[in-house]
Every structure is written in C-alpha cells, then in structure tokens.
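S.K.: Once you've had a glance at the structure underneath, I'll fire off some questions.
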Ligand code: DGT
Ligand code: CA
Ligand code: CA
C-alpha cells in the first residue's frame, strides 16, 4: 500500500505545481501517480531489489522523481512536498474534490480569504464572500455550494473500484488459513454496487478465534471496532471498515443470502417465506423447528419456489417477482466481452503505446481493441486533429499487419472520442470520421446547459452518421459531479432511431450509464457497449466493473454490442 501513499503525495505535488503555473511538470507527476497506484509490485520491493536504477525503470519515472520515491522509502517524507505545502498550507485533496475548483482558484481563495479546507470554503460561500472575488462571481459561488452538498451526500462511501481489489486481497489471505472451510464476500461488494459502505466477509470455520485473531491483525488495520467469536469489525488505514462473520457450515447458505442483502431484497424475501408458513433468518429456512434449507444459497431460493437470483440484481426492483415466475433475464456474464472500444493511447497523452495496449488486450483474451483517442477540441488532453488521425491510421495498419502474424484473429480498430461542441456539432470533419472504423462522441465541456439544450446537443451528435457511440452519456462522476440535465427518454428515442449505441463506461468514477438507465435503455431496445475508457493498459481490468453495472441494470448479452464477434461488430458499424 506504500504505492498509493506515494501516489497521493505526487497528486498533491502536481496540484501545487499547477497552482504555481509550472508548465509540463504537473502532468509528469500526475502520470507517475497513476502508474504507481496501478503498479502490482510494491515500490519498496522494487527499490530493495534494484535501487534507484530499478525505480527509474518504472514508466514515467525520471531521475528526479526516482530520488523522491527513494527519499520517501527511506525517511517516510518528501521535503520538496513539505516545502510546497508550507508555502500554501491548504488541504488540497479535499478542496480539489469540489467540482469547478482547481489549484489556481484554491491559491486565490487562500490568499484572499485564508480558505484552507472544505469547512472554510463552505462558510465563505454561505456568507457570500466568494462572489466578489475577481474571476469567481455569483454563479461560481452557487456552484461551489451545490458541489459541497453533493460531496457531503456521498461521504463515507467508497468506489467499488477502490474497494474490490483490496477486498480480494484480504479474501485471498484468509482463504489460505488452514481452518477456513469457506469464505465469501457478502454485502454490497458481492452485489457490486457502484459505491460501498463497508466490506462484509463470511467465513465457515470450527476455529473462529484463530480466524478473528488473524483478521484484526491484518496489515493496514488501524482500529478494531469489535472482536468476538461470531463477528469482528475493523477500520483500515484507507478509511473504510471491514466486517467478518463466522457461521457454522450448515447455515452458510442462509447466512450468505442474508448478509448479501440488499436489506430491501431480504425484507421482501422474508415476507414470501412467511406467506408460505415458513421462517427465514441467517440460520436457515425453517418449517416449525425443522430446518428445510440453509446449507447453500440456491436451496433457499428453490425452497421458496423461485429461481436463484444473481447478487447484482438483489435490490428489490422486480427481480423477486420475475424469479417467482421463472422469468429472470439471462444477464450478461463476466466472460462475454470480446473487446474494448474506448481506449486511449500515448497519441493523446495516455500512458501506453498502441502496441502495448493491443498486447494487453490480447492478454485479456479479446478479439479486438479500439483505439479512441481524444480529438482536437481537448487541447489539454493532446487531442488529435484530422491529419494526426490519418497518420495514426497508418500506424495502426502497420501494427495490425505485424500482430496478425502472431494472432491472426486479433485486430486493432481505429476510432476516436470526438467532442460534442455546444451546438451539437463534432470537432472533427466528417471526411476524417468517415475513414475511421467507428467514432465515439462525448461531452467534455459546458456541462451546465439547460435540459432542453443539452438534450438537443446530444441528439444532434447522434444524427451524425459517423458517430456510432455516445461515451459516458450522462456525465456524472461518482462522489463529485451529478449528471447533466438531459431528457433521457428523448435521448433513448433518438438513439433507437439513429441506431446509436450508448456506452456503459466502466471507469470506477464514472459507471455511466447507471443501473436504472441501463434498464431503461434495454427496455427501449437501445443497444449498449461496455468500455473501460482506459488511459493506460492496466485500466483494461476495469471491464469487470462495467459488466457488473450492466448486470445491475439487467442487461443481457444481446443488449451489449461488444459481446459480438469482430465481423458482426464491423458489419453493424457499416
Ligand atoms: P453498504 O455496506 O452500505 O455498502 O451496504 P450493505 O448492503 O453491504 O449493508 P451492510 O454492510 O450494512 O449489511 C450487509 C448485509 O446484511 C445487508 O446487505 C443485508 C444484511 N442486513 C444488515 N442489516 C439488516 C437488517 O436490519 N435487516 C435485514 N433484513 N438485513 C440486514
Ligand atoms: Ca457492507
Ligand atoms: Ca457491514
């Protein structure tokens, strides 16, 4: 977990440098931060094995940054960072969470109003001290208050993308213990909700004490909320909690069902049991005092006269009624995806080359990978213009020719993620779009338009015959920014008519479309695609979160176009 700590410091350094208007450097720190937090091996281990030179082999790490990593490993501190922080002593992480507030604004707020943290900021906004500041204004002040409100609402919940890798790590460790007969994740992590309150584990064992001792002394535990023979609860240094419950093997299934939730699903299930004259709790399903199911979860659902319900669907949103009728949809499986069409390469500032991305995609077992770099309106993201796109085409053709000598079935496609400008036009000429295998368009600016205007803006983009996919259609960023105002029904009608595909963006902060919108799209007969929006090859693994979201939205294989073979996909685009 040292990697994440250093990454966090580098993110802050990047913000501080941006605050001081330093060119290029902030970007370099940010990129290294992203690399570090996705690195499998602990940097301390890398350093131990190979010293400074080994650190310098990490992508993006030059001598200067390598020395800072070394300093942190040795002393637990980075002086350069401390000095920056001394100069402007603000809680930069907290403040940059406020949508619309960047490092430069933070500096002004500190210098003029001595705002150091979120609390100061909220107070200043409430007492209208911000509006009069140059380059702020009344609208910004109002937006700040709204953004703070939004932050508060999501406080205390963590992204599935941050939690799941950690949960899997702990699960693996516990699984290795001798006396553990069974272990599973339960609760919202098993249901793969987009945000998680705490992680729940369930264990079957005859030696609870041993397991609990191990659990509360796991590395990273900073607080023990409770420790008993059936339940223990701890806080990790990342700020989230984990619960572990021990149950006897004969009740494992019923406990699994109970602690998976959701609570709303459980209440409805229990009512069905009662209506049948049965009693259901975490110990089993009972007829009088006789246990009739409990050992495994499937048995519980079966004894209640229904199909087993995938955990991602257990939100009491009609799944119980469907399961009772035996009419649950066959939702998409984690293995159904054949390729990823929203990925960025180093052509637009992503971390990896097209070739590296393609190799990673083949390792995922994919049949195709679409490179969809940003286009020219996004200058900060090094967006490509028409000419660069045509150069990139040549490069992709060249790599494809090479690749196919090794794996004849794999193909790199060329797309782009173009920008939908305020009037709904696309920032790349049709002649250039036409030469791509497909084009994605998304909104990356002017998020606060009026509902009718925003809806028309997107619909106009969908009417462009070369735009096949709309990326992250509602623009929400979890824990940060609400959806923009759109008439989603109208968007769906237009998508259906123009045969435009809506994206389920798998990036952990996005997960956009959300579950409700996925269900609406499916019911409207609109096709979707699950894409990772990878900015480096390690992001390709986010696919899992996108599939989870699709499952939570009841999407079936046929609803998702990148479950299709390359030939079918290309035919569809044509
Ligand atoms: P979270 O942690 O907020 O993301 O959501 P969950 O669903 O993991 O909730 P948690 O950790 O409080 O509890 C785990 C599961 O235990 C929950 O999904 C259902 C079950 N459960 C907890 N409390 C109750 C309750 O009062 N009634 C019922 N029926 N089930 C409960
Ligand atoms: Ca939980
Ligand atoms: Ca819990």
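S.K.: Here are some residues: 147, 167. Which one is in contact (Cβ under 8 Å) with a residue 12 or more places away in the chain, within 16 Å of ligand 2 (Cβ to nearest atom) and under 21 Å from residue 194 (Cβ atoms)?
M.R.: Only one candidate passes the filter, namely 167.
S.K.: Working carefully through the options 369, 413, find the one that is touching a strand residue (DSSP E or B) at 6+ places or on another chain (Cβ under 8 Å), free of Cβ contacts under 8 Å to residues at least 60 places away in the same chain, assigned to a strand (DSSP E or B) and in the same structural domain as residue 502 (by TED's automatic domain parsing).
M.R.: 369
S.K.: Taking the stated definitions as given, is residue 280 away from ligand 2 (no atom under 16 Å from the Cβ) and surrounded by 19 or more Cβ atoms within 10 Å (Cβ to Cβ)? So that I can check it myself, show each step before the final result.
M.R.: On the way: away from ligand 2 (no atom under 16 Å from the Cβ): yes; surrounded by 19 or more Cβ atoms within 10 Å (Cβ to Cβ): yes.
Against the criterion (away from ligand 2 (no atom under 16 Å from the Cβ) and surrounded by 19 or more Cβ atoms within 10 Å (Cβ to Cβ)), residue 280 qualifies.
S.K.: Let me ask something else. Is there a residue in the stretch 210-230 that is in contact (Cβ under 8 Å) with a residue 12 or more places away in the chain and under 17 Å from residue 256 (Cα atoms)?
M.R.: Yes; the residues of the stretch 210-230 include at least one that is in contact (Cβ under 8 Å) with a residue 12 or more places away in the chain and under 17 Å from residue 256 (Cα atoms).
S.K.: OK, next. Of all the residues that make up the stretch 69-83, how many are out of contact with any helix residue (DSSP H, G or I) (no Cβ under 6 Å at 6 or more places or on another chain) and in contact (Cβ under 8 Å) with a residue 40 or more places away in the chain?
M.R.: Residues flagged as out of contact with any helix residue (DSSP H, G or I) (no Cβ under 6 Å at 6 or more places or on another chain) and in contact (Cβ under 8 Å) with a residue 40 or more places away in the chain within the stretch 69-83 amount to 1.
S.K.: Do you know which residues across the stretch 478-510 are in contact (Cβ under 8 Å) with a residue 40 or more places away in the chain, surrounded by fewer than 20 Cβ atoms within 10 Å (Cβ to Cβ) and outside any loop (DSSP other than H, G, I, E, B)?
M.R.: 481
S.K.: If you go through the stretch 51-66, how many residues are surrounded by fewer than 17 Cβ atoms within 10 Å (Cβ to Cβ), without any contact (Cβ under 8 Å) to a residue 60 or more places away in the chain and in a loop (DSSP other than H, G, I, E, B)?
M.R.: Count: 2.
S.K.: Which residue pairs have Cβ atoms closer than 6 Å, lie 6 or more positions apart in sequence or on different chains, and pair a first residue in the stretch 268-291 that is in contact (Cβ under 8 Å) with a residue 40 or more places away in the chain and more than 15 Å from residue 250 (Cα to Cα) with a second residue that is away from ligand 2 (no atom under 16 Å from the Cβ) and outside any strand (DSSP E or B)?
M.R.: 268/316; 268/320; 272/304
S.K.: Within the stretch 224-235, can you find the residues that are within 16 Å of ligand 2 (Cβ to nearest atom) and surrounded by fewer than 19 Cβ atoms within 10 Å (Cβ to Cβ)?
M.R.: If we filter the stretch 224-235 for residues that are within 16 Å of ligand 2 (Cβ to nearest atom), which is where we start, we get 225-226, 231-235.
Hits for the stretch 224-235 are 225, 226, 231, 235.
S.K.: Then there is this: Being over 30 Å from the mean Cα position of the chain (by Cα), away from ligand 1 (no atom under 16 Å from the Cβ), modelled with pLDDT under 95 and not in a helix (DSSP H, G or I), is that true of even one residue in the stretch 96-108?
M.R.: no
S.K.: Tell me, which helices (runs of 4 or more DSSP H) wholly within the stretch 116-216 include 2 or more residues that are crowded, with 17+ Cβ neighbours inside 10 Å and within 16 Å of ligand 3 (Cβ to nearest atom)? Break it down into steps so the answer makes sense when it comes.
M.R.: On the way: elements: 118-126, 137-153, 160-175, 187-191, 208-216.
Result: 160-175, 187-191, 208-216.
S.K.: Scan the stretch 177-208 residue by residue and report those that are out of contact with any strand residue (DSSP E or B) (no Cβ under 9 Å at 6 or more places or on another chain), more than 10 Å from ligand 1 (Cβ to nearest atom) and at pLDDT 95 or above.
M.R.: Within the stretch 177-208, just 192 meets the criteria.
S.K.: Just one of (1) closer than 19 Å to residue 178 by Cα; (2) away from ligand 2 (no atom under 16 Å from the Cβ) trips up residue 221, so point out which.
M.R.: Of the numbered conditions (1) closer than 19 Å to residue 178 by Cα; (2) away from ligand 2 (no atom under 16 Å from the Cβ), the odd one out for residue 221 is (1).
S.K.: Report yes if residue 230 is within 16 Å of ligand 3 (Cβ to nearest atom) and over 20 Å from the mean Cα position of the chain (by Cα), otherwise no. Can you show your working first?
M.R.: Working: within 16 Å of ligand 3 (Cβ to nearest atom): yes; over 20 Å from the mean Cα position of the chain (by Cα): yes.
Yes, satisfied.
S.K.: Residue check: is residue 389 in contact with a strand residue (DSSP E or B) (Cβ under 8 Å, 6 or more places away or on another chain), in a strand (DSSP E or B) and in contact (Cβ under 8 Å) with a residue 24 or more places away in the chain?
M.R.: Numbers: in contact with a strand residue (DSSP E or B) (Cβ under 8 Å, 6 or more places away or on another chain): yes; in a strand (DSSP E or B): no; in contact (Cβ under 8 Å) with a residue 24 or more places away in the chain: yes.
So residue 389 does not fit the description; no.
The values are calculated or read from the model by the stated rules, or taken from the named source; none is laboratory data. Keep in mind the model is a prediction, meaning the values are calculated, not measured. For neighbour counting, all protein chains shown are included, and Cβ atoms are generated from backbone atoms with ideal geometry for every residue, glycine included.
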